[in-house]
Amino acid sequence: MIRYTLVCDNDHQFESWFQSSAAFDSLAAAGHLACTHCGSADVKRALMAPSVPAKSNTKTATPSLSTAPSEMETALSKLRKDVEANSDYVGMEFAKEARKMHDGETPERAIFGEAKLDDAKKLIEDGVPVAPLPFIPKRKTN
């Protein structure tokens, strides 16, 4: 895992973890990165200084993945449950369904799903009220 400090075209800085440098490059090339502050898809790595311990025998504590969820993670989990319980999942048809409701072709209802970044931008430009949801991906269990 590698942690990068990222910066968007609006100079918002934030951090994110990636499997590798190649994983970052792949996600960036596919347009799957967005600023956590403004949603801009123009995200690049910021200049970073390497993290070097003071002594060669110094060990850095790595965070445990088994720690209790933070307040933010708990709030996001609750938001996700509320959205899933009170709206219809339309999958990759989200942009199409949102546009049909906005144009009055189908009755309005609460929906959620996925949309390509370009489709989401077009909806916003056309005045369709949509917003990205800050969901933590569900973990697959065996």
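The values are calculated or read from the model by the stated rules, or taken from the named source; none is laboratory data. Fair warning: this is a prediction, and the values are worked out from it, not measured in the lab. Cβ atoms come from the backbone with ideal geometry, glycine included; neighbour counts cover every protein chain shown. The area values use the complete protein model at the heavy-atom level, side chains included, leaving out ligands, DNA and RNA. Shrake-Rupley method; radii C 1.70, N 1.55, O 1.52, S 1.80 Å.
From the set of residues in region 92-122 that are in contact with a Phe, Trp or Tyr (Cβ under 7 Å, 6 or more places away or on another chain) and aliphatic (A, V, I, L, M), which is farthest from ASP82 (Cα to Cα)? Among them, the one singled out is ALA115.
With a requirement of 1 or more residues that are among the basic types (Lys, Arg) and at pLDDT 85 or above, the helices (runs of 4 or more DSSP H) lying completely within region 1-119 that satisfy it span 71-86, 94-102. Test PRO137 against the stated conditions and say whether it is under 18 Å from the mean Cα position of the chain (by Cα), modelled with pLDDT under 85, within 22 Å of MET1 (Cβ to Cβ) and open to solvent by 70 Å² or more (accessible area, probe 1.4 Å). When the stated conditions are applied, PRO137 passes them. Within region 25-40, residues that are open to solvent by less than 70 Å² (accessible area, probe 1.4 Å) have Cβ atoms under 6 Å from residues that are among the charged types (D, E, K, R) and at pLDDT 85 or above in these pairs: SER40/ASP9, counting only partners at least 6 apart in sequence or on another chain.
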